[in-house]
Structure formats: structure tokens, C-alpha cells
1. Say each of Asp22 and His56 gets a label point 7 Å from the Cα, pointing the same way as Cα to Cβ; how far apart are those two points in nm?
2. Could I have the simple spin-label model distance between Leu29 and Arg75, label points 7 Å from Cα toward Cβ, reported in nm to one decimal?
3. Run the dipole for the range 7-57 about the Cα centre, Lys and Arg Cβ at +1, Asp and Glu Cβ at -1, nothing else charged, and hand back the magnitude in debye, nearest 20.
4. Angle between the Cα long axis of helix 14-28 and the longest principal axis of the chain, 0 to 90 degrees, nearest 10?
5. Report, in degrees rounded to the nearest 10, the 0 to 90 angle that the Cα long axis of helix 31-52 makes with the longest principal axis of the chain.
6. So what's the projected area for the chain, the Cα convex hull averaged over all directions, in nm²?
7. Distance check, please: which entries in Lys15/Lys42; Lys15/Lys65; Lys7/Lys35; Lys15/Lys55; Lys17/Lys42 exceed 31 angstrom between their Cα atoms?
Amino acid sequence: MTDTLIKEALNLSGKEKAILIDLLSDSLLTVNQKKNQQEWAKESQRRYDEYRAGKHEAVDYVNIKRNEIDDSLSRSGGNRV
């Protein structure tokens, strides 16, 4: 059975494989993990909607990391190179 199942899975289209992977992945999640995943999906959608509505500006990742490094160095008394 396993060999047949694997052969059938390998013959699926890319889209069908993606759906199968998603379903199998979801089946491995615990109830709490599923709840957390759903909550993050809602939160990310809320943030995106607010961004699209002009309530927030996009911030470049490089600038975020640079600010984190600067803040960390300031707290430790170090200097940025």
C-alpha cells in the first residue's frame, strides 16, 4: 500500500502536491498549534488590512535590524562599526 500511495502522490500535479502537503502538515499539528496558527493568520490579516488602509507605514527589514543593533550597542556601551 505504501509504495502505491507514494507512486500516486508523485504523479500528482504541483498544485495537488501542495494541497496534499498542506493537509498532511495540518494533520500533525496539535490543537494548540492549530489555534495559534489561526490566531496568527487573523492577526497578520488585520495588520495587512491596516497597512493597506494607510494606518501604518511599511518599514524596511534592514532598517529594523540596524535599529535593533544600534539599540543593543547603546545599552551595552559598545560602538557601532
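FYI, it's all coordinate maths here, none of it is from the lab. Given the structure is predicted, the values throughout are model-derived calculations rather than measurements. Glycine also receives a Cβ, built like all others from the backbone with ideal geometry; neighbour counts cover every protein chain displayed.
1. Simple spin-label model gives 2.4 nm for this pair.
2. 3.1 nm
3. Working: 10 positive and 9 negative charges, 7 e Å.
In total the dipole reaches around 40 debye.
4. 80 degrees
5. So the inclination is approximately 50 degrees.
6. Numbers: hull surface 43.0 nm².
Quarter of the Cα hull surface area: 10.7 nm².
7. On the way: Lys15/Lys42 24 Å; Lys15/Lys65 35 Å; Lys7/Lys35 33 Å; Lys15/Lys55 35 Å; Lys17/Lys42 26 Å.
Too far apart for the 31 Å limit: Lys15/Lys65; Lys7/Lys35; Lys15/Lys55.
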